[in-house]
């Protein structure tokens, strides 16, 4: 099956069930597929090919969701662009891939102001080649032609990491995306009772849940303005039973509760990913969300579901620090520097292989060859696999700090830091040191209204993990630097902290 076939099957079986909505408008599966097919036919017409390459950028709206599914229905190649990216980053990404068409919305249209490529607007007046509403009306009743594609052909080109220099674009095949969908269906047990809140951008992590929810007859509730209090209210009321969130959004939702413990009577899944969560925060979130917290681990190169930690497994404190159990359709191992697979419990680089693996980096064969070696995707993550197949991550290879001959994993230090009651979020990094080679430092945010000095926090951590791993300096920031999806940027935080030291 191709990805869109999962949605077509549900639309055939339960055409009148609710499929997608934005809080005001709800479309049935029949209506959704009619709009998707019309838009897919329009994309093929405007691109002049039955396999359009479409850059898609917008907020979590019905129009955006429809266009994403339309690219799938056309058998095309989707290029998701994060709405929170900078214009320079977006320009680099567009120049790198050169799509046939761009879809954008009023809030994101300025990101494409300099492009000469054809632009379709989500609403009238912002596109050079029409707007989605008019195009769907023009092609109403049409069906796209299905191109001659194979499962190993490219279905998406998705950007990963920073975009300084040459953007790195990951080619995901139809097989990769179908494997992702099948893995979620097998492991999470979604069904027609799931009302999935699309809170994080559907251009990225949240978007990977669109089709799995539709495949089982659930409803995707698109949240365009994901204020933490609003999301909390949707979860409390039962309007949302399932959601995917990065850790920073989970912290904000817990803060919005103001110390209350909501009941969440209809909650099924609160799935976190995109960044690790310290053990203390996992414990807090597990209790707050009434034992419904779950986790996923993956990379754009092997997306989202290399491992999954279900709520029942997370109820066991042994797995508080785990990224979950290796999923059925891929193989994940720890490997040493000589390319040998390590036995359970031994630390090495996490590697993976199987149908979830990317085709490669677009236009970067040498980088692809360095990353996929003998069929194994090298993630750059350090960790181990236990005897039951649970993945435990220590850190990124490049982030390990060697101080006085000792390996210090930033995640261990971050776990200790967030145990301090004043610390909301933190990031740990190295700084050059004339005696030790490198020393451990940290930047952090405090909870609103909390007070603590850097010396107090350092002393707190020293008591828990000892002087070697404890940061020598703590930098208290009003707000840590973040990526467009809210992930704390270690490199940028380090640059800020070191500049702060030099100027003091």
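When the alpha carbon coordinates of segment 294-433 are projected onto the principal axes, the ranges are 45, 43, 29 Å, largest first. Calculate how many DSSP beta bridges within the chain are antiparallel, expressed in % of all such bridges and rounded to the nearest 5. Roughly 60 percent of the DSSP beta bridges within the chain come out antiparallel.
Based on the reciprocal of the average 1/r between different C-alpha atoms, the Kirkwood radius for segment 302-381 equals 13.8 Å. Once the C-beta distance of residue 239 and residue 329 is scaled by a Förster radius of 45 Å, the resulting FRET efficiency is 0.90 to the nearest 0.05.
Sorting 260, 8 from the fewest to the most surrounding beta carbons within 10 angstrom yields 260, 8. Between the C-alpha center of segment 37-56 and that of segment 340-416 there is a gap of 38 Å. Please determine, in degrees from 0 to 90 and to the nearest 10, the orientation of helix 228-237 with respect to the longest principal axis defined by the Cα atoms of the chain, where the helix direction is its Cα long axis. For 228-237 against the chain, the angle is about 70 degrees.
Each part reduced to its alpha carbon centroid, segment 194-241 and segment 268-320 end up 17 Å apart. In this rough spin-label picture, where each label sits 7 Å from Cα along the Cβ direction, the residue 275-residue 472 distance is 2.6 nm. The modelled label-to-label distance for the pair residue 134/residue 495, using points 7 Å beyond Cα in the direction of Cβ, is 4.2 nm.
Only bridges whose two residues both fall in segment 227-397 count here: according to DSSP, what percent of them are antiparallel, nearest 5? Antiparallel: roughly 80 percent of the beta bridges in segment 227-397. For the chain, a Kirkwood radius taken over Cα pairs fed into Stokes-Einstein (20 °C, viscosity 1.002 mPa s) yields D = 91 µm²/s.
In plain terms, the residue of 158, 491 with the fewest other Cβ atoms within 10 Å comes first and the most crowded comes last, giving 491, 158. Each of the peptides 302-310, 481-489, 147-155 was scored by the mean count of other Cβ atoms within 10 Å over its residues; in descending order, highest first, they stand as 302-310, 481-489, 147-155. Its Cα gyration tensor gives segment 1-78 an equivalent ellipsoid; the semi-axes, largest first and in whole Å, are 21, 15, 10.
Seen against the Cα atoms of the chain and their longest principal axis, helix 3-13 is set at about 60 degrees.
Sorting 84, 221, 494 on the 10 Å Cβ count, fewest up front, what's the list?
84, 494, 221
In terms of its Cα atoms, segment 29-187 spans 41, 40, 29 Å along the principal axes, sorted from long to short.
Quick check on the chain: helices-only [θ] at 222 nm, where DSSP H runs of length 4 and up contribute -39,500 (n - 2.57) each and the sum goes over total residues. Nearest 500, please.
On the way: 15 runs with 156 residues, N = 504.
Rounded to the nearest 500, the figure is -9000 deg cm²/dmol.
Here segment 351-486 yields Rg over Rh of 1.06, to two decimals, using C-alpha coordinates and the Kirkwood radius. Residues of segment 317-348 with an amide N closer than 19 Å to a point placed 7 Å from the Cα of residue 287 along the Cα-to-Cβ direction: 317-322. Axis angle, to the nearest 10 degrees, between helix 279-288 and the longest C-alpha principal axis of the chain: 50 degrees. In terms of packing, defined here as the mean over residues of other Cβ atoms within 10 angstrom, the peptides 236-244, 380-388, 363-371, 251-259 line up highest first as 236-244, 380-388, 251-259, 363-371.
Rule-based calculations on the coordinates, nothing more; no lab input. It should be emphasised that the depicted structure is a prediction, and the values quoted were computed from it without experimental measurement. Here the Cβ is made from the backbone with ideal geometry for all residues, glycine too, and neighbour counts use every protein chain on show.
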